[in-house]
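FYI, it's all coordinate maths here, none of it is from the lab. The structure presented is a predicted model; accordingly, all values stated were derived computationally and were not measured. Ideal geometry is used to build each Cβ from the backbone, glycine not excepted, and the neighbour counts take in all protein chains shown.
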Amino acid sequence: MPMSASEIQKKLEWRYATKVFNKEKKINSENWDVLENSLILAPSSYGLQPWKFIVVENPEIRTQLRAASWGQAQVTDASHYVVLTTLKNMSEDYIKGYVASIAQVRGQAVESLVGFQDMMIKSIVKGKDQESIKNWNQRQAYIAMGFLLETAALLEIDTVPLEGLDPKAYDTILGLDQSDYGTVAAVALGYRDENDKYAQAKKVRFSKEQMIQRV
Ligand SMILES: Cc1cc2nc3c(=O)[nH]c(=O)nc-3n(C[C@H](O)[C@H](O)[C@H](O)COP(=O)(O)O)c2cc1C
């Protein structure tokens, strides 16, 4: 039985970008597992999953990240904090590794996937410059972010997405400087503090007439 349209509508209205988290209230492991799965199950172009999600559990690292996020309190106060990182480029080896995993999971011969593999190598690795690939990878991360925010809302778990951060400083703090991955954005998750006045603020949205065009 799917959730009813009105139940989903209520959750969509319930969600807001949480400014003040309850520092004591933690997401339980069952819910956290589903939230991580929402990242893993998010779709990506060709299924390449050009990302890694860093769950920051260490409070000292959270404090350092807060300083690199304009001091935003959600970074340290939320129950959980996830940094979304993506590949700075795309290599033939990465694509071959992905194709090998399709073959393994679906019990197919790698040879039967060579056409798909070559097409990806040609159109991505050989067909785009590094900056375009990086931007493309980063766009994929926002799909995973959307899945995470929506799944949390369905569980009545509060979130705030954060782009108000210094990606270079994050990379240094997280030890990514020499890696293939770079920071894109982050999401803090947990439970709203009862004194967060933003929870009562009306949603500011342009009208459906303005934003949805029918042809
Ligand atoms: C990609 C992205 C980055 C954001 N960065 C921040 C941020 O750094 N800090 C913050 O408090 N809110 C941030 N927000 C929250 C937005 O300000 C908020 O979603 C928007 O004003 C709409 O309000 P609502 O989410 O409460 O409906 C971000 C939202 C998105 C989607």
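Points worth noting:
- Surface/4 estimate of mean projected area, convex hull on alpha-carbon atoms of the stretch 106-215, nm²: 13.1
- When the square roots of the Cα gyration tensor eigenvalues are ordered a ≥ b ≥ c, the ratio a/c for the stretch 118-180 is 1.5 or more and a/b does not exceed b/c, which makes its shape oblate.
- Placing a pseudo-label 7 Å from each Cα along the Cα-to-Cβ vector at Gln108 and Arg139 gives an inter-label distance of 2.4 nm.
- Normalised alpha carbon radius of gyration of the stretch 1-130 [divisor 2.2 N^0.38 Å]: 1.42
- Anisotropy class of the stretch 26-76 from Cα gyration tensor, a/c 1.5 cut: oblate
- Among the listed pairs Lys88/Lys128; Lys19/Lys203; Lys88/Lys168; Lys96/Lys134; Lys11/Lys52; Lys52/Lys88, those beyond 23 Å (Cα-Cα): Lys11/Lys52
- Protection proxy ranking for 4-16, 92-104, using the average of other Cβ atoms within 10 Å per residue and placing the highest first: 92-104, 4-16.
- Highest GNM mean-square fluctuation among Lys19, Lys168, Lys88, for the chain modelled with Cα contacts below 10 Å: Lys168.
- Model label sites at Asn28 and Met211, defined 7 Å from Cα along the beta-carbon direction, differ in position by 3.4 nm.
- Other residues with beta-carbon under 13 Å from the beta-carbon of Ala144 carry, at +1 per Lys or Arg and -1 per Asp or Glu, a net charge of 0.
- The stretch 1-101, relative contact order in percent, only Cα pairs under 8 angstrom and at least six apart counted: 33
- Charge tally in the Cβ shell below 11 Å around Ala103, where Lys, Arg are +1 and Asp, Glu are -1, Ala103 excluded: +1
- Net length available on complete extension from Met119 to Glu156 is 9.1 nm, with 0.36 nm assigned per residue and the Cα-Cα distance removed.
- Rounded, prolate or oblate (a/c below 1.5 giving rounded, otherwise prolate when a/b exceeds b/c) for the stretch 90-156 by Cα gyration tensor: oblate
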